[in-house]
Amino acid sequence: MAGVAKPFSALLLCSLLLLCTSTAMIHGKKMRLASSHRPCKRLVFYFHDIIYNGKNAKNATSAIVGAPAWGNRTILAGQSHFGDLVVFDDPVTLDNNLHSTPVGRAQGFYFYDRKDVFTAWLGFSFVFNSTEHRGSINFAGADPLMNKTRDISVIGGTGDFFMARGIATLMTDAFEGEVYFRLRVDIKLYECWEKA
Amino acid sequence: MAGVAKPFSALLLCSLLLLCTSTAMIHGKKMRLASSHRPCKRLVFYFHDIIYNGKNAKNATSAIVGAPAWGNRTILAGQSHFGDLVVFDDPVTLDNNLHSTPVGRAQGFYFYDRKDVFTAWLGFSFVFNSTEHRGSINFAGADPLMNKTRDISVIGGTGDFFMARGIATLMTDAFEGEVYFRLRVDIKLYECWEKA
Amino acid sequence: MAGVAKPFSALLLCSLLLLCTSTAMIHGKKMRLASSHRPCKRLVFYFHDIIYNGKNAKNATSAIVGAPAWGNRTILAGQSHFGDLVVFDDPVTLDNNLHSTPVGRAQGFYFYDRKDVFTAWLGFSFVFNSTEHRGSINFAGADPLMNKTRDISVIGGTGDFFMARGIATLMTDAFEGEVYFRLRVDIKLYECWEKA
């Protein structure tokens, strides 16, 4: 009898070890926590923002909707655009070409929040509806945009990105005057759940 | 001695299995992760938004506070209301009747962020202060409101909803012209913590 | 052989118990979930908001950038400032002295969202770049500011606060007319990850 019990017990121990250490499987493989150095999912996208300036109604993908008392909604204000609030619906592409076929939309808002340096704060979603990706990733955080790279938070997701959490590293890939900029977004998810 | 050790070891194995697979109990039953198909908490509410239009100051529960250069703060702008930013304090009810006793308030903002289709982005809280529920649930995400249902993220909670995470499925239950709409919010929490 | 196997098996069981109950160690000590009564990290800061009122351009750290149709961007509106949207870049200090050396910046937005009571909604980050702390903590939630204390959510973090989640308890430590207020922020993190 002991001869039968031993291997069985060893098997149990092994499966327990697997259960406890490599992934947190709760009620059937729901959640996967990545190691801090290895995300459970990684995605890189670009998005393109063309801000309305009174002359580009047709091409503009964003517009100033709030401004301080000393500003207006057609031209970005002085003092590092402090207080300018912008709503956007920007194309998301796989490469850095504005004219590539969009794979999703970046929708949300940003505002400039410092008088002496260009600094922004972002709240937005990547919205996907293709064969590749379906669902959304939600972001929020401070964007000190004069830094080469800066991190914001992935605060949640839906669909393919159900319950996602992580970090997105932003990099200004290009900017042209005060009308166009392109951000590279390197998304690193450290909490990945299976789709509900 | 082996006869004593065996059942004890089996007992340990059983409790380990329970600990590891059914719930993640850390430092005394703190966190409960639901299976992806079965939320650990589910709640359905309705909220009612009456937007200020220059004539309904008494009844309005929300108001336009930002608009693009081509818009104003009394009438929703053209181009699918792109850029209109609305702050709201809406009653939350258990059923779809605007006149039911509110069980909480929906407080936050939304803005329209697409020119060619009605699409919004929401950041808000459900705030409860009753015998039934005390605390808040915080939401953020894209709301492509022409879809029958759409998911946003539950990004956190306080009080009874301490540390909550999950998904909320929105459904436009009614809308009347550009003044009133009612959303059904089906909240599915997949991370539930015990109250601090 | 049995004499060798027993202690080894006991050792394994002990380490398993440690793994499963005290902390969720996934792929090498990545995540630490605190008990609900004991945060894994606790930090207290103050931040100071001086709102632009048309006369204090030099000292102001925040400005109204959105307002309802009946308001303007220089003076907070009637009806409990309903609809006034403010962007801020406030100094963060360790004590309640406005003139203490800042240890970081509080950057984000708030808006007043109720007509009959002073109530706000906040989305902001604490941004640190010192030897003490490097990185950001992101917050969102309802702030019923007439309550002595109120909780908002920590929805994420970067750098030293990589993947943080928790609760921040706000307390109005001082306010002077409608120009200055000081908030005490008691941050309690219940999910702490090691830095990526």
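The values are calculated or read from the model by the stated rules, or taken from the named source; none is laboratory data. These figures come from a predicted structure and were not determined experimentally. Cβ atoms come from the backbone with ideal geometry, glycine included; neighbour counts cover every protein chain shown. Please note that ligands, DNA and RNA were not included when accessible areas were found on the heavy atoms of the full protein model with its side chains. Shrake-Rupley method; radii C 1.70, N 1.55, O 1.52, S 1.80 Å.
General remarks:
- Note on A:Thr74 and C:Asp186: the model spin-label points, each 7 Å out from Cα along the C-beta direction, lie 5.2 nm apart.
- Computed over region A:61-121, the Cα gyration tensor eigenvalues convert (square root of 5λ each) into semi-axes of 26, 12, 9 Å, ordered from largest to smallest.
- Region A:30-179, accessible surface, carbon-and-sulfur percent (1.4 angstrom probe): 51
- Projected-area mean, region A:101-192, by convex hull of Cα positions, square nanometres: 6.3
- Region C:97-196 - charge dipole about Cα centre, Lys and Arg +1 at Cβ, Asp and Glu -1, debye rounded to 20: 60
- Surface accessible to a 1.4 Å probe, C:Phe175 within the full protein complex, Å²: 150
- Surface accessible to a 1.4 Å probe, B:Thr119 within the full protein complex, Å²: 10
- q = 0.14, 0.19, 0.25, 0.29 Å⁻¹, region B:142-191: log10 I(q)/I(0) [Debye, one scatterer per Cα]: -0.42, -0.67, -0.90, -1.04
- Relative contact order computed over region C:53-152 (Cα-Cα under 8 Å; 6+ residues apart), in percent: 18
- Spacing of the modelled spin labels on C:Asp160 and C:Glu178, each 7 Å from Cα toward Cβ, amounts to 3.8 nm.
- Members of region C:63-94 that become less accessible by 50 Å² or more once partner protein chains are added (1.4 angstrom probe, chain alone as reference): C:Val65, C:Ala69, C:Arg73, C:Phe82, C:Val87
- When C and B come together, around 3500 square angstrom of accessible surface is lost from both chains combined, probe 1.4 Å.
- Region A:72-147 - accessible surface per residue (Å², probe 1.4 Å): 37
- Cβ crowding within 10 Å averaged over residues, with C:159-167, A:47-55, C:61-69 ranked highest first: C:61-69, C:159-167, A:47-55
- Efficiency of FRET between B:Met146 and C:Glu194 - r from beta-carbon atoms, R0 41 angstrom, step 0.05: 0.40
- Restriction of the GluC sites (Glu not before Pro) in region A:124-193 to DSSP coil positions whose beta-carbon has at most 14 other beta-carbons within 10 angstrom yields A:Glu132, A:Glu178.
- Region A:32-135: proportion of alpha-carbon pairs further apart than 25 angstrom, %: 34
- Number of partner chain Cβ atoms within 10 Å, mean per residue of B:119-125: 6
- Sorted shortest first, the separations between the C:Asn96 label point and its copies elsewhere in the assembly read 5.1, 5.1 nm; each point sits 7 Å from Cα along the Cα-to-Cβ line.
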